[in-house]
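These notes are about the structure you will find just below.
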Amino acid sequence: MTEPALAAERFGIGCLLGLGLGLWYSILRPLRRRRNGPADALFLLGAFCAWLYHGFRVCGGDLRLGYSGGLLLGAAVFDRMLGVPLEPVFAQFWSVIRKILGIVLLPGRIFFRFSKKNSCIWGKMG
């Protein structure tokens, strides 16, 4: 039987990790408008890593639903309290990232457009 203090500590750490998951979801939320699949995959990867850390590092392999419920509770609390107000901040963040990637990838786009237009490999054979 687990002592109540130890169970509360594990649940509390799960809630703190859940707050981190809520932040991670808020960061990825504006990305979901254009790239739903990759954003969901990144969130699931983060959630899985948080669950592994909580389950095996914090709880020592004592996987219980109540401990993992702290992850869900922390994420839900962060999303309701700070997720919506922070959405414009993260939308601006992804806008800046999109502009930077557009500049960095521009030479590659120009090269592939030129090579597609002037190469027989891309379908202008014979």
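With the gyration tensor restricted to C-alpha atoms of the chain, the semi-axes of the equivalent ellipsoid amount to 44, 18, 10 Å, longest first. Based on alpha-carbon atoms, the Kirkwood radius and the radius of gyration of the stretch 12-74 give Rg/Rh equal to 1.04. Computed with a 1.4 Å probe over protein heavy atoms only, the accessible surface of the chain comes to 72 Å² per residue. Helices in the chain, meaning DSSP H runs of at least 4 residues, each add -39500 (n - 2.57). Divided by all residues, the mean residue ellipticity at 222 nm is -25000 deg cm²/dmol. To the nearest ten degrees, helix 4-28 and the longest principal axis of the Cα atoms of the chain are 20 degrees apart. Axis angle, to the nearest 10 degrees, between helix 84-117 and the longest C-alpha principal axis of the chain: 30 degrees. Here the chain has 71 percent of its accessible surface on carbon and sulfur atoms, given a 1.4 Å probe and all protein chains in place. Let me know the longest stretch in the chain that avoids all trypsin sites (Lys or Arg not before Pro) found in a DSSP loop with at most 11 other C-beta atoms within 10 Å. Longest site-free region, per DSSP loop and neighbour criteria: 35-123.
The values are calculated or read from the model by the stated rules, or taken from the named source; none is laboratory data. Everything numeric in this text was worked out from a predicted model, so none of it was measured. Note: ideal-geometry Cβ built from the backbone for every residue, glycine included; neighbour counts use all protein chains shown. The area values use the complete protein model at the heavy-atom level, side chains included, leaving out ligands, DNA and RNA. Shrake-Rupley method; radii C 1.70, N 1.55, O 1.52, S 1.80 Å.
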